Every structure is written in C-alpha cells, then in structure tokens.
1. Only one of these is at pLDDT 95 or above and either over 15 Å from the mean Cα position of the chain (by Cα) or under 28 Å from S115 (Cβ atoms) (or both): T20, T3. Name it.
2. For the condition open to solvent by 80 Å² or more (accessible area, probe 1.4 Å) and in a strand (DSSP E or B), what is the one hit in Q32, Q7?
3. Pairs, please: C-beta under 7 Å, at least 6 apart or cross-chain, first residue under 16 Å from G41 (Cβ atoms) and in region 130-157, second open to solvent by 30 Å² or more (accessible area, probe 1.4 Å) and acidic (D, E)?
4. Inside region 108-126, can you point out the residues that are over 30 Å from L190 (Cβ atoms) and touching a residue at least 60 places away in the same chain (Cβ under 8 Å)?
5. Across region 159-175, what is the number of residues that are over 21 Å from A16 (Cβ atoms) and part of a strand (DSSP E or B)?
6. Among the residues of region 67-94, which ones are open to solvent by 90 Å² or more (accessible area, probe 1.4 Å) and either at pLDDT 80 or above or among the hydrophobic types (A, V, I, L, M, F, W, C) (or both)?
7. Could you say which residue among L15, L24, L45 is open to solvent by less than 30 Å² (accessible area, probe 1.4 Å) and either touching a Phe, Trp or Tyr at 6+ places or on another chain (Cβ under 8 Å) or not small (G, A, S) (or both)?
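The values are calculated or read from the model by the stated rules, or taken from the named source; none is laboratory data. Please read all numbers here as calculations on a predicted model, not as lab measurements. Cβ coordinates were reconstructed from backbone atoms using ideal geometry, including for glycine residues, and neighbour counts include every protein chain displayed. The protein model used for the area step is the full one, side chains on, heavy atoms only, and it has no ligands, DNA or RNA in it. Shrake-Rupley method; radii C 1.70, N 1.55, O 1.52, S 1.80 Å.
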Amino acid sequence: MQTLSTQVAIIGGGLAGIYTAWRLQRAGIDFQLLEARDRLGGRILGETFAASEQPNEAFDLGPSWVWPSFQPNIAQLLKQLDLEVFEQYSRGMMVYEQPQGPAMRSRQRSQMAGSFRITGGTSALINKLASQVDSEQINFEHVVSHITQLDDGEIEITVKGQSAPLKAQQVILALPQRLIARSIGFTPALPTAIEKS
C-alpha cells in the first residue's frame, strides 16, 4: 500500500478551501485539496440554462451578494481576478411575504441598497479561482473520515474508500465547525473547548 504525501492538505472545497489552494499555489507550496462532493463551491452554487441569452450567466442558488464597502478583502480579490460586479437593483416597491398571510407591497427602503452581485453569478468567483489551480491537486469525492497525528509529527488522513492514506505536514480544515465535529474523527481527540465552540 503506497502512502501519498503532501506539504499541506486542505479539507473542503468551498470558497475558503479553493481560495487557500489558490494562495498556496501562488506561493509555490505543495498541497492537495480533498472535497467530499463532485464539485467545488460548497454553499456557493450557480445554475446555468441553455435557453439563457448570456452563455456565462448563472442563477445563484446559494450566496448571491457582496458588499465591497464592508468586505474590502472580497473587493480586492474580485479586482485581482478581474471579475466585474453590478449593483443590485433596489428602487421601487418592495414585495415581501409574511409567514402567515398574503404577499405585501411596501415603499420602505430596500435592505439590498448598496449590495452588488458578481457578473456571471457568485460561482464565477469559484470558477475563476479553480481555473488558476492545478486540477491534479484537487480531489473530488474524497470524504475524510479520520485525521491522526503520528508520533513523528506527520498527520495521516484517512479517506473513505481509499486504501492508501494521505500524509501531510499540515492540515487546513476549510469546513463548518459543526460538520467537522460530526463527520471527522481525530487522534488524539480535539480539545473539548474546540468541539463545543
């Protein structure tokens, strides 16, 4: 059984994971990204339709907006990747639906004022980052079940269905904390304070 090794293992291919991979590749640091699904993006998902007049247009099914004035790091990243944004339309009547009762119209100031959307959908950000990362370092359908710190300091990562574990010098968990606690075992066990936070 051949054990694969890398300098850094990234667990999770959402925005945090693929951004980390992008940064590591630019720095010349060896890594492997392990993603449980068959796609990148995590909660970010865009759907394209053949009938659309814009071939690169995607409809956001997850996060949709950015606020450049409040998110300077995202604004800088979008500029660096040459991704365009457009302001969310927020004028006119607002329609909202209460849990009980019909939809209501209101002239109140829209909560979306000052928000922007990424041209091509939020998934365009994921796609642009992924296009600049070596695809051989991205592993889909790799469900991590256990992470073990060995006596020599190396970290062994067990992946469901894979006979050979992956060894890394460092591991970056780019997943929601609850998902980590629910789906990955650790040896030695994580401190209780971390598991409950």
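1. T20
2. Q7 is the lone residue from the list that is open to solvent by 80 Å² or more (accessible area, probe 1.4 Å) and in a strand (DSSP E or B).
3. F140/D38; E141/D38
4. Passing the criteria: G120, G121, T122, S123, A124, L125.
5. Result for region 159-175: 1.
6. S69, F70, N73, Q76, K79, Q80, D82, E84, F86, E87
7. L24
To keep it simple, each residue is scored yes or no on (1) over 26 Å from L78 (Cβ atoms); (2) in contact with a strand residue (DSSP E or B) (Cβ under 6 Å, 6 or more places away or on another chain).
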| residue | (1), (2) |
| --- | --- |
| P99 | yes, no |
| A103 | yes, yes |
| R107 | yes, no |
| G114 | no, no |
| D152 | yes, no |
| V171 | yes, yes |
| P176 | no, no |
| L179 | yes, no |
